[in-house]
Amino acid sequence: MEKIKLGISSCLLGNPVRYDGGHKLDPFLTDTLGAYVEWVPVCPEVESGLPVPREAMHLVGDPEAPRLVTIRSNVDHTSRMLQWANKKIKVLASDNLCGFVFKSRSPNSGMRGVKIYSPEGKPVGTGSGIFAKAFQDRFKLLPVEDEGRLRDPALRENFIERVFTFKRWREFKSSDKTVGGLVAFHTSHKLLIMAHSPKHYSALGKLVANPKKYRREELFERYCATLIEGLQFLATVKKNTNVLQHMAGYFKQQLSADEKRELLEVITNYHRELVPLIVPITLLQHYVSTYNVEHLKQQVYLNPHPLELMLRNHA
Ligand code: SF4
């Protein structure tokens with residue numbers, strides 16, 4: 001499989017670029033996810049010309065437009081950082097990234113929840129780091145997360161599903177820009193979307209069913225924006241259970257009474273959170289290949305990311 005290009009805050013790869021000369025190596029990112037990813041490291045502070053080590057900084061002032069200021073000597077680095085960020089974003093635009101993993105809580109790289117202080121040093125709110133905000137403003141559809149949130153299994157699975165979906169979307173767009181191609185893309189993603197957001201599933205279905213309503217490029221843009229927005233909703237146990245039951249409905253004719261009972265029991269056990277999602281999925285995959293159910297065979301939902309990431313193994 002061709003590796004997926006993701007941006008990353010450089011210190012998360014173990015590069016010693018932090019203000020104190022240290023790093024924040026994250027073994028899940030380097031060792032596990034790293035097997036599928038070509039990382040594009042970015043350190044706003046070092047790349048904008050600051051040395052290692054350097055004085056630590058924080059965000060100060062208006063939470064809507066905070067300044068980037070060193071903590072001890074009060075040097076304002078905001079303009080330097082914004083100028084560098086604008087140039088860097090132009091370079092990153094040609095890198096074809098499928099997402100970005102930011103360092104949490106950093107005044108430059110934190111994507112959300114970064115503390116903002118008053119000039120007297122009191123917390124007055126939270127926001128995004130200077131570079132992370134510029135990046136998210138420019139690449140609104142790109143999946144982004146920070147390493148802290150990625151420790152939550154549900155958020156981790158959600159981010160990786162969005163990244164892999166974005167990659168498939170990019171590949172589709174560069175190979176087949178026909179309405180027929182869009183219909184095929186949508187068909188194979190139906191159950192995945194349903195597991196995240198039935199509302200977006202229905203909106204995307206309407207878009208694909210009425211392609212003449214929009215110019216071709218607008219149709220594709222609308223589809224991508226709605227898809228990415230829908231996938232941001234977590235695939236909960238309840239929504240996954242609905243999808244599993246929907247899939248089980250395809251085997252009414254083929255399965256014996258015992259097999260149906262067993263399948264239903266496995267889905268119920270998942271619904272009661274006694275077994276992880278991978279258990280009913282594995283059983284359904286077995287029936288899909290045994291009975292060669294064409295519509296289910298092409299569903300990305302059955303195989304949205306590499307099994308080795310073990311993202312569906314938590315109950
Ligand atoms: S958090 Fe961002 S700015 Fe700070 S060391 Fe890591 S990559 Fe550089």
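The values are calculated or read from the model by the stated rules, or taken from the named source; none is laboratory data. From a predicted model like this one, the values you see are computed outputs, not experimental measurements. Neighbour counts run over all protein chains shown; Cβ positions are idealised from the backbone, glycine included. Note: accessible area is taken over every heavy atom of the protein model, side chains too, but ligands, DNA and RNA are not part of it. Shrake-Rupley method; radii C 1.70, N 1.55, O 1.52, S 1.80 Å.
The table below lists the values:
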{"item": "Residues located in segment 114-134, provided they are assigned to a helix (DSSP H, G or I) and more than 12 Å from the ligand (Cβ to nearest atom)", "result": "133, 134"}
{"item": "Candidate set from segment 75-89 (those that are in contact with a strand residue (DSSP E or B) (Cβ under 6 Å, 6 or more places away or on another chain) and touching a residue at least 24 places away in the same chain (Cβ under 8 Å)); member that is nearest to residue 65 (Cα to Cα)", "result": "78"}
{"item": "Positions within segment 1-55 being open to solvent by 30 Å² or more (accessible area, probe 1.4 Å), within 14 Å of the ligand (Cβ to nearest atom) and aliphatic (A, V, I, L, M), in sequence order", "result": "13, 25, 46, 52"}
{"item": "Enumeration of residues in segment 82-113 that are farther than 13 Å from residue 134 by Cα, in a loop (DSSP other than H, G, I, E, B) and either within 15 Å of the ligand (Cβ to nearest atom) or β-branched (Val, Ile, Thr) (or both)", "result": "103, 104, 105, 106, 113"}
{"item": "Condition check for residue 178: at pLDDT below 95 and among the β-branched types (Val, Ile, Thr)", "result": "yes"}
{"item": "In segment 135-157, the residues that are open to solvent by 20 Å² or more (accessible area, probe 1.4 Å) and either part of a helix (DSSP H, G or I) or charged (D, E, K, R) (or both)", "result": "136, 137, 138, 140, 149, 151, 152, 153, 154, 155, 156, 157"}
{"item": "Every residue from segment 206-242 that is open to solvent by less than 80 Å² (accessible area, probe 1.4 Å) and among the basic types (Lys, Arg)", "result": "239"}
{"item": "Of all residues in segment 56-69 being touching a strand residue (DSSP E or B) at 6+ places or on another chain (Cβ under 6 Å) and more than 13 Å from the ligand (Cβ to nearest atom), the one that is most open to solvent (accessible area, probe 1.4 Å)", "result": "67"}
{"item": "Residue match in segment 116-125 (condition: touching a Leu at 6+ places or on another chain (Cβ under 9 Å), surrounded by fewer than 24 Cβ atoms within 10 Å (Cβ to Cβ) and either more than 20 Å from residue 63 (Cα to Cα) or without any contact (Cβ under 8 Å) to a residue 60 or more places away in the chain (or both))", "result": "yes"}
{"item": "Counted residues, segment 43-58 - those being closer than 21 Å to residue 116 by Cα and within 26 Å of the chain's Cα centre (by Cα)", "result": "3"}
{"item": "Failed item in (1) under 26 Å from the mean Cα position of the chain (by Cα); (2) of a type outside the set (Val, Ile, Thr); (3) assigned to a loop (DSSP other than H, G, I, E, B), with residue 20 passing the rest", "result": "(1)"}
{"item": "Subset of segment 266-315 that is modelled with pLDDT under 95 and in a helix (DSSP H, G or I) - its residue that is nearest to residue 186 (Cα to Cα)", "result": "295"}
{"item": "First in segment 248-260 and under 16 Å from residue 292 (Cα atoms), second anywhere and open to solvent by 50 Å² or more (accessible area, probe 1.4 Å) and basic (Lys, Arg), Cβ under 9 Å, 6 or more apart", "result": "248/260; 251/260; 252/260"}
{"item": "Every pair of residues 6+ apart whose Cβ atoms lie under 6 Å, when the first sits in segment 158-183 and is in a loop (DSSP other than H, G, I, E, B) while the second is surrounded by fewer than 16 Cβ atoms within 10 Å (Cβ to Cβ) and of a type in the set (Ser, Thr, Tyr)", "result": "none"}
